[in-house]
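> Shown below is the structure under consideration.
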Amino acid sequence: MRPWRSWTLAFRVSALFALIACLVVTGLGMYLYTSARQSLEVRADYTLIGRVEHFRNLLHDLYNVEQMEQRPALFESMLGNEQDVRIFRRQGEAPFIQSNPDHLVPPAMTPLPVGSPVSSASLRTSQRADGVRVRWVSALADVGKGGDTVEIVAAYVMVQEARMMRSYRWRIAGAAAAAVVLTALLGFLLLRRGLQPLEAMSQRAAQITPDHLSARLDQEGMPAELRRVALSFNAMLDRLEAGYAHLAQFSGDLAHEIRTPINVLMGQSQVALGQRRSPEEYEQVLESNLEELTRLSRIIENILFLAQTDHAQLVVDRSAIDLREELQKIADYFEGVAAERDMQFEVDAAPGLACSANLVMWRRAVSNLVVNAVRYGDAGTAIRISVRPTADGIAIDVANRGMAMTRQQMERMFDRFYRGDKSRSEFTESNGLGLAIVKAIMTVHGGTAAVACSADGWIAFSLRFPTRGKIAPR
């Protein structure tokens, strides 16, 4: 037999429906069976009580016990079932009238006194060898006016009731079996029909491959529950398609970036090996190769950093950063590079403003923005670095004058390997990963990175850190 986990959903639910139907029908049948048995027992008790009271009345109308002894057939004919017991006797003597076909032995009973009414509480119960219940009663009765007393021992053998209840049990068992079979069959058919939308959804999902990620599950005509599943599944496919496209673009850009320095290394090495050269020429080739290897190392380092921020819960150590002091250090560090393009820095940060961040990552993010401003800003202009408090933290803005950007360019500015200007530069982070690293650093810190372009030609990059603090002025 196959394990439960390998059963189909329709078969599982049908089996559960059948089990529930079996429990409900069986429980209801047992309740009705118990109620019917109790009703029959009550009826039997009333029948027995009525007969005993009837015998009492008959004995009261007689003159003496001898009349009973002379006409025993009169009392023997007043039986119910053929198996019922009727015993009349004087106390302490042998019965003078006895009808006990099955030779049943009365249980120990104390006769009810004369005049005491017979009730269900005064009855006793025994069983025959075949399990049939027998209800007993013993009562004293006056005979006429002579002062004679007779003990009446009567029993009601519930033979008919036992047959009726036996038949009723079989009917309950048959009804439960029929309910189980019908419920399982009808439930299975209904479930097969009801699960057709799920089967159609499964067939549609099987058609989705890496080459056909644009396929979506049909939500029209679906039940509300499956419609929500289809909606969630389609949303997941949207994310997968976007991620797959991003991965394909990233792989192509990465191959292009790595191919260029590798081709340069191979070309220079082949030229150098084409003929014997002087030590100075070999030294120049090695220096050029070292530059290309350094570029490759920088690309790999940046990619590893981005992969770490993408696929791991990166936990960074944070500390309070004096923004004015650190921004001035960055401006001083890049002052020489900016001077080559006749550019100067303008730092605007109030004393005491601070933010909580990892110092190394913070410096890298701000430095990448400064390098980007120096690289693509108009020569002979200023680079503004400012700090402003926001409602939920601190914002650091790096702005420069440059070529106006379109909305599409600004939306892709933080994408990996994206460059609006294809020209190369001698400065750091010239492989299109600098702004992507900035965005990754801000994501790790729970902040955001944004870019805006004003009508007068100012391009401003903003880093928003979600916390801010005050430090004591130095």
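None of the figures in this text is laboratory data; all of them are computed from the coordinates on show. A quick note: this is a predicted structure, and the numbers were derived from the prediction, not measured. Cβ atoms come from the backbone with ideal geometry, glycine included; neighbour counts cover every protein chain shown.
> Taking Cα atoms, how many degrees apart are the long axis of helix 323-333 and the longest axis of the chain, rounded to 10 and kept between 0 and 90?
40 degrees
> Oh, and also: Tell me, L327, L353 in order of fewest to most beta-carbon neighbours within 10 Å? Provide the component values of the computation, followed by the final result.
Working: L327 24, L353 20.
Ordered from fewest to most neighbouring Cβ atoms within 10 Å, L327, L353 come out as L353, L327.
> Could you tell me which residue out of V337, V150, L140 lies farthest along the dipole of the chain toward its positive end? Charges go on the beta carbon: Lys and Arg +1, Asp and Glu -1, centred on the Cα centre.
The Cα lying farthest towards the positive end belongs to V150.
> With everything on Cα atoms, drop me the angle between helix 159-194 and the longest principal axis of the chain, reported from 0 to 90° to the nearest 10.
Result, in degrees: 20.
> Which semi-axes, in whole Å and largest first, does the equivalent ellipsoid of the chain have when worked out from the alpha carbon gyration tensor as the square roots of 5 times its eigenvalues?
109, 29, 19
> Give the angle, between 0 and 90 degrees and rounded to the nearest 10, that separates the Cα long axis of helix 196-206 from the longest principal axis of the Cα atoms of the chain.
Long axis of 196-206 versus the principal axis of the chain: about 30 degrees.
> Starting from region 214-288, pick out the trypsin sites (Lys or Arg not before Pro) whose DSSP state is loop and whose Cβ has at most 12 other Cβ atoms within 10 Å.
When the trypsin sites (Lys or Arg not before Pro) of region 214-288 are filtered for loop state and at most 12 Cβ neighbours within 10 Å, R276 remain.
> Take the chain, mark every one of the GluC sites (Glu not before Pro) that falls in a DSSP loop and has at most 11 other Cβ within 10 Å, then report the longest stretch left between them, sites excluded. Working shown, then result.
Values: sites that count: E82, E93, E220, E426.
Within the chain, the longest run free of exposed GluC sites (Glu not before Pro) spans 221-425.
> Please rank F414, F88, fewest neighbouring Cβ atoms within 10 Å first, as an exposure proxy.
F414, F88
> Give me T183, T125 sorted ascending by neighbouring Cβ count inside 10 Å, so fewest comes first.
Ascending Cβ contact count within 10 Å gives the list T125, T183.
> List the residues, sorted by chain then number, that are 5 or more residues from F345 or on another chain and whose placed amide H is less than 5 Å from its amide H.
Counting only residues 5 or more places away or on other chains, the set is I383.
> Enumerate by residue number the trypsin sites (Lys or Arg not before Pro) in region 86-177 meeting two conditions: DSSP loop (anything except H, G, I, E, B), and at most 10 other Cβ atoms within 10 Å of the site's Cβ.
K145
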